[in-house]
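The values are calculated or read from the model by the stated rules, or taken from the named source; none is laboratory data. Everything numeric here is computed off the predicted structure, so don't read it as measured data. Here the Cβ positions follow ideal geometry from the backbone for every residue, glycine too, while neighbour counts run over all protein chains shown. These accessible areas exclude ligands, DNA and RNA; they are computed on the full protein's heavy atoms, side chains included. Shrake-Rupley method; radii C 1.70, N 1.55, O 1.52, S 1.80 Å.
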Amino acid sequence: MTDIDNNFDGRLVAGTRCVDCGHVRVPARLHCCQRCGSVALIDIRVPLQGVFESWTSVPGSESDPDRFALGLVTLDAGPMLTVRVRLDPLQQPYVGAPVSGRAVRRAGAVEQFWFELAVDELEQRGAA
Amino acid sequence: MRQAAAVETPNVGKVVMRDVAIIGASAVQVQKRATSLRELAVLPSVTALADAGVERVDGLVVGTMASGEFTGQHHLGPLLADELHLTPVPAFRVEAACASGSSAFHVAHMAVASGMYDSVLVTGVEMMSRVSGAVASRILAGAADFEYEVEQGATFVGLNAMLMRRYLRDFGVSHEQLMPFAVNAHRNSVTSGHALMRNSISLQAALDSRVVADPIRLYDCSPICDGAASIVLAAGDLAERSDDAIWIRGAGVATDTMSFHDRSDLLSLGASRIAAERALDRARMRVQDMDLYEIHDAFTVMTALVLESLGLYPRGEGWRAAVDDDIALDGPVPISTFGGLKARGHPVGATGMYQLVEATMQLRGTAGANQVPNARRALVQNMGGTGSTIAVHILEAT
């Protein structure tokens, strides 16, 4: 088990940074940098906070408690992820809206990324 | 820099290959109620062999995306070889999601061009309607990154919806400016003998269709369906003897990141641009030299992006082709000439082969009411995933 596993709290996820070009990737690359091909990669932990790039509704029952929107989020650290988004019906998402998320671990599968609008940050921006 | 091992390929594009031609072509009508994958695959194969005037071939390649998941049947190479009484012919299956058909064609082309075989039968087939729409959607999502897109809730419609939202926003385009792609496809499908949908639609009806995944509406999408199409390729004397051989002048395949979110530019199909450049370079032609373009119009927004990737329209302006009706049969950029994926139908693993058969019909002058005037050259572009695999072929009449 790695340090990353020991420190897992869902707000940080495992990624890699390329020593040569600085490219950050989530999930961690297994062999070489996606951008430059360098094999000099270091393991890092990446905060799940960033901004909306796009989103869409996902067909399903209105009463489904697990109902979610599908989103694209660019993390502040650089990489983009496809994520599940919990949207309050009163919230209006927009491109560039601040979001934060959590990785949910599941047995026998990769983690799922659940995001929501970063309400505190939105309010701070509104107050400013 | 410490890089992963690179392979030197000094001979790519320089090795002399044999000229290869299409000498037989056939497609069955796209449908929603096929009863047998076997029957679907056999019918156009038999007709294409008859069209070519041959009874045997040196190889057989089958393109299918997910016959195992849709019908339970894998191992289509020997299945089709057996049904056609072609055993012990070497037979293979090629898979590249929605680009499986054209990828199978590409492999067959390489086999003949290299001199390994003199003739090859290629068949693209998919039977999707046996499973429910929800199950089909799940199977199709396998063309995306399963762990980091599908497991995060993505469907193919969902990914294209997010792409379309950005296209509309970033380029200041309205839905009304993309939907004419669907109207054109349906207009051409009315007289298309093998199309699934033979009905014209109004722009307003398309815009009023139900939302599938905001902002994508029903008429932005291509339908789930069943179909199969076949081509016989040949080189040398066999091709020269054919009165209506259609020559493959260029071929290019390229790949891009598996996940849509890993693209450096969400609104650019890099692999499509590269595959087209490779194919046109080998053909020693320009994209403007083509008389028609069968392109991967699975979603209206993808149609615009493909036209931009081919260099036919500037970035963010592919929608102009639809609004200005450049894409009509008698326009400067005819596309979807038999209805395209939108109206002819999109039986995924067969789609690339339908496009190639349709281009062959155009270049032979046998397209009937769908004929593009004086068609001599065609570009055929087929896509797997959200642009992760692209195959482009350049065809020319004798």
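Can you list residues from other chains, or at least 5 along the same chain, whose modelled amide H is less than 5 Å from the amide H of A:ALA118?
A:VAL99, A:SER100
Please report the relative contact order for chain B, taking Cα pairs under 8 Å with a sequence separation of at least 6, and give it as a percent rounded to a whole number.
Across chain B, relative contact order equals 25 percent.
Using the Karplus equation 6.51 cos²θ - 1.76 cosθ + 1.60 (θ = phi - 60°), what ³J(HN,Hα) coupling, rounded to whole Hz, does each residue of the stretch B:225-231 give in order, writing x for Gly and Pro?
So the J values, rounded to whole Hz, are 6, 10, x, 7, 8, 9, 9.
B:ASP58 to B:ASP170: extension gain in nm, 0.36 nm per residue of separation minus the Cα-Cα distance?
35.2 nm
Nearest 0.05, what FRET efficiency do B:ASP281 and B:ARG241 give at R0 = 30 Å with Cβ-Cβ as r?
0.50
Subtracting the Cα-Cα distance from 0.36 nm times the residue separation, let me have the gained length for A:LEU90 to A:LEU12 in nm, one decimal.
Between A:LEU90 and A:LEU12, full extension yields an extra 25.3 nm.
Beta carbons within 10 angstrom, averaged per residue: use that to sort the peptides A:97-104, A:32-39, B:122-129, highest first.
B:122-129, A:97-104, A:32-39
With θ set to phi - 60°, apply the Karplus curve 6.51 cos²θ - 1.76 cosθ + 1.60 along the stretch B:196-206 and write out the HN-Hα couplings as whole Hz, x wherever there is a Gly or Pro.
Taking θ as phi minus 60°, the curve returns 6, 10, 10, 9, 7, 10, 8, 4, 5, 4, 5 Hz for the stretch B:196-206.
Which far-off residues, 5 or more places away or on another chain, put their amide H under 5 Å from the one on B:ARG93, with H placed in the peptide plane?
B:VAL62, B:GLY77
Given labels modelled 7 Å from the Cα in the Cβ direction, how far is it in nm from A:ARG105 to A:ARG35?
Computed distance between label sites A:ARG105 and A:ARG35 equals 3.0 nm.
Which angle from 0 to 90°, rounded to the nearest 10, does the C-alpha axis of helix B:156-171 make with the longest principal axis of chain B?
Roughly 60 degrees, rounded to the nearest 10.
For chain B, just say rounded, prolate or oblate: build the C-alpha gyration tensor, square-root its eigenvalues into a ≥ b ≥ c, call rounded for a/c under 1.5, and beyond that prolate if a/b exceeds b/c, oblate if not.
Taking the square roots of the gyration eigenvalues as a ≥ b ≥ c, chain B is rounded.
For the residue pair B:ALA134 and B:HIS75, what label-to-label distance in nm results when each label sits 7 Å from Cα along the Cα-to-beta-carbon direction?
Result for the modelled spin labels: 3.2 nm.
Output the 0 to 90 degree angle, nearest 10, between the alpha-carbon long axis of helix B:37-52 and the longest principal axis computed from the alpha carbons of chain B.
60
Could you check which residue among B:GLY385, B:GLY68, B:GLY318 shows the biggest mean-square fluctuation in a GNM of chain B with a 10 Å Cα cutoff?
Most flexible of the set in this elastic network: B:GLY68.
Could you run the numbers on buried accessible area between A and B, total for both chains, 1.4 angstrom probe, in Å² to the nearest 100?
2600
Would you pull out the residues with amide H under 5 Å of B:GLY387's amide H, same chain only if 5 or more places away, H placed 1.01 Å from N?
Those lying under 5 Å, H to H, from B:GLY387: there are none.
Do any chymotrypsin sites (Phe, Trp or Tyr not before Pro) in the stretch B:131-198 lie in a DSSP loop with no more than 16 other beta carbon atoms within 10 Å, and if so, which?
B:PHE146
Between the helical axis of B:270-283 and the dominant principal axis of chain B, each derived from Cα atoms, what acute angle in degrees is found, rounded to the nearest 10?
40
Which whole number gives the average, over all residues in B:157-170, of C-beta atoms from other chains lying within 10 Å of the residue C-beta?
Mean partner-chain Cβ count within 10 Å for B:157-170: 4.
What is the magnitude of the charge dipole of chain B about its Cα centre, with +1 placed on the Cβ of each Lys and Arg, -1 on the Cβ of each Asp and Glu, and no other charges, expressed in debye to the nearest 20?
That gives a dipole near 260 debye.
For B:ARG286, tell me the accessible area in Å² from a 1.4 Å probe, rounded to the nearest 10.
140
Within the stretch B:40-66, list the residues whose amide N lies under 14 Å from a label point set 7 Å along Cα→Cβ of B:GLU83.
B:40-49, B:61-64
Averaged across B:254-262, how many Cβ atoms of other chains sit within 10 Å of each residue's Cβ atom?
The mean count of partner-chain Cβ atoms within 10 Å per residue comes to 3.
What list of ³J(HN,Hα) couplings, whole Hz, do you get for the stretch A:22-33 from phi and the Karplus terms 6.51, -1.76, 1.60, once you set θ to phi - 60° and write x for glycine and proline?
x, 4, 9, 9, 10, x, 4, 6, 8, 10, 8, 5
Please report, in whole Å, how far the alpha carbons of the stretch B:180-244 spread along each principal axis, starting with the longest.
Principal axes ranked by extent give 55, 22, 18 Å for the Cα atoms.
At q = 0.06 Å⁻¹, what log₁₀ I(q)/I(0) does the protein assembly as shown have when each alpha carbon counts as one equal point scatterer in the Debye sum?
-0.29
Among B:GLY193, B:GLY115, B:GLY340, whose mean-square fluctuation peaks in a Gaussian network model of chain B (Cα, cutoff 10 Å)?
Result for chain B, Cα springs under 10 Å: B:GLY115 fluctuates most.
Restricting to Cα pairs below 8 Å that are 6+ residues apart, what does the relative contact order work out to for the stretch B:126-263? Please round to a whole percent.
Computed value for the stretch B:126-263: 27 percent relative contact order.
Along Cα→Cβ, 7 Å out, is where each label goes; now give me the distance between the ones at B:ASN199 and B:VAL46 in nm to one decimal.
3.2
How much length, in nm to one decimal, is gained on full extension between B:ASP265 and B:ARG210, taken as 0.36 nm per residue of separation minus their Cα-Cα distance?
16.9 nm
How many angstrom separate the Cα center of the stretch B:328-392 from the Cα center of the stretch B:97-170?
Measuring centre to centre over Cα atoms gives 16 Å.
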